[in-house]
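The values are calculated or read from the model by the stated rules, or taken from the named source; none is laboratory data. Predicted model, so just to flag it, every value in this text is computed and none were measured. Here the Cβ positions follow ideal geometry from the backbone for every residue, glycine too, while neighbour counts run over all protein chains shown.
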Amino acid sequence: MTRLSGALRALITTLAGLLAMTSATATAASATTRAGAAPKAPADFVALRTVDPTIIQEMRYITPHNFVGARIDGYEQPMCLLTRPAAEALHRAQTRLLRQGYSLKVYDCYRPQRAVDHFVRWAENLDDQRMKSEFYPDVDKTRLFEDGYIAEKSGHSRGSTTDLTIVRLPALPTRPYVPGEPLVSCHAPRSRRFPDNSIDMGTGFDCFDTLAHTLDPRVQGEQRANRLLLKNTLEGLGFVNLAEEWWHYTFKPEPYPDTYFDFPVSARSLAGRR
């Protein structure tokens, strides 16, 4: 009986070990599945098109026409994602502008942290200056961090910031950028800059130059009036402008003032949420 009890104890111990190993393997596999799954957006993030389909979208970072010269990490589809309060405020701005014969056009909205990380890696690679002639012709790439053009965190990753402009209706199509084509300074006269169907704001989008400061005194006449049209329209509805970028606006109060999200820009980031 004692011998049998010892054998049973040994068998039980062996089975317990096997069960523990199986449980550990299952737990590890489950953790791997969770880690490998794409993160989802919070429930109050929306696709701007579902709130206002009339706002024009020209999402630059899914194309190579940006200061990096390549599609940016985290941009899987050409769509604008925002927190619902920011999207609804843009809808109200659009309603006002449509009455005046204009439309908003967004260049960028929510930006994943992985995209910001891509910008940082690019800025640290001083050998890659393929887009300098257009986007930062007068700025030494070694100064991009010091001058504030590139940072390790972006308000865009919190979901309530957007880069945008105004287009006169009816909107003319903007021709696609062809990689390798000759580049022209983003602060050259409008007739020489890369064509954009927006009204003239004095510089192109993402122009790393002090002329892009919203109220730079050198920008006068029609260009200044156009910037003020955008500024006055948005600030009257809760948006705050970044003074160094005429195109950059953040809706306040932000639902996530301290959270930097990293889900991809795609419809699947909005699917299956609770």
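Tell me whether the range 94-104 contains one or more residues that are in contact with an Asp or Glu (Cβ under 8 Å, 6 or more places away or on another chain) and either exposed (fewer than 15 other Cβ atoms within 10 Å of the Cβ) or among the aromatic types (F, W, Y) (or both).
No, the range 94-104 contains no residue that is in contact with an Asp or Glu (Cβ under 8 Å, 6 or more places away or on another chain) and either exposed (fewer than 15 other Cβ atoms within 10 Å of the Cβ) or among the aromatic types (F, W, Y) (or both).
Would a scan of the range 47-66 turn up a residue that is in the same structural domain as V184 (by TED's automatic domain parsing), out of contact with any His (no Cβ under 7 Å at 6 or more places or on another chain) and either at pLDDT below 95 or among the basic types (K, R) (or both)?
yes
Of the conditions (1) surrounded by fewer than 17 Cβ atoms within 10 Å (Cβ to Cβ); (2) touching a helix residue (DSSP H, G or I) at 6+ places or on another chain (Cβ under 7 Å); (3) touching a residue at least 40 places away in the same chain (Cβ under 8 Å), L169 satisfies every one except a single condition; which number is it?
Of the numbered conditions (1) surrounded by fewer than 17 Cβ atoms within 10 Å (Cβ to Cβ); (2) touching a helix residue (DSSP H, G or I) at 6+ places or on another chain (Cβ under 7 Å); (3) touching a residue at least 40 places away in the same chain (Cβ under 8 Å), the odd one out for L169 is (2).
Yes or no: the range 106-124 includes at least one residue that is touching a helix residue (DSSP H, G or I) at 6+ places or on another chain (Cβ under 9 Å) and surrounded by fewer than 16 Cβ atoms within 10 Å (Cβ to Cβ).
There is no residue in the range 106-124 that is touching a helix residue (DSSP H, G or I) at 6+ places or on another chain (Cβ under 9 Å) and surrounded by fewer than 16 Cβ atoms within 10 Å (Cβ to Cβ).
Kindly indicate which of V167, V120, V184 is of a type in the set (V, I, T) and within 26 Å of F263 (Cβ to Cβ).
That would be V120, the only listed residue that is of a type in the set (V, I, T) and within 26 Å of F263 (Cβ to Cβ).
Residues of the range 124-142 being part of a helix (DSSP H, G or I) and either more than 23 Å from E181 (Cβ to Cβ) or not hydrophobic (A, V, I, L, M, F, W, C) (or both), which ones?
E124, K132, S133, E134, K141, T142
Take F145 and decide whether it is assigned to a loop (DSSP other than H, G, I, E, B), surrounded by fewer than 17 Cβ atoms within 10 Å (Cβ to Cβ), modelled with pLDDT of 95 or more and out of contact with any Leu (no Cβ under 6 Å at 6 or more places or on another chain).
The answer is yes for F145.
Condition test on R121, is it part of a helix (DSSP H, G or I), at pLDDT 95 or above and farther than 25 Å from P255 by Cβ?
yes
Among the residues of the range 125-142, which ones are surrounded by 15 or more Cβ atoms within 10 Å (Cβ to Cβ) and either touching a Leu at 6+ places or on another chain (Cβ under 9 Å) or within 14 Å of I72 (Cα to Cα) (or both)?
If the condition is that a residue be surrounded by 15 or more Cβ atoms within 10 Å (Cβ to Cβ) and either touching a Leu at 6+ places or on another chain (Cβ under 9 Å) or within 14 Å of I72 (Cα to Cα) (or both), then R130, M131, K132, E134, F135, Y136, P137, K141 are the ones that fit.
Only residues that are charged (D, E, K, R), under 22 Å from P78 (Cα atoms) and part of a helix (DSSP H, G or I): list them for the range 94-118, please.
Of everything in the range 94-118, those that are charged (D, E, K, R), under 22 Å from P78 (Cα atoms) and part of a helix (DSSP H, G or I) turn out to be R114, D117.
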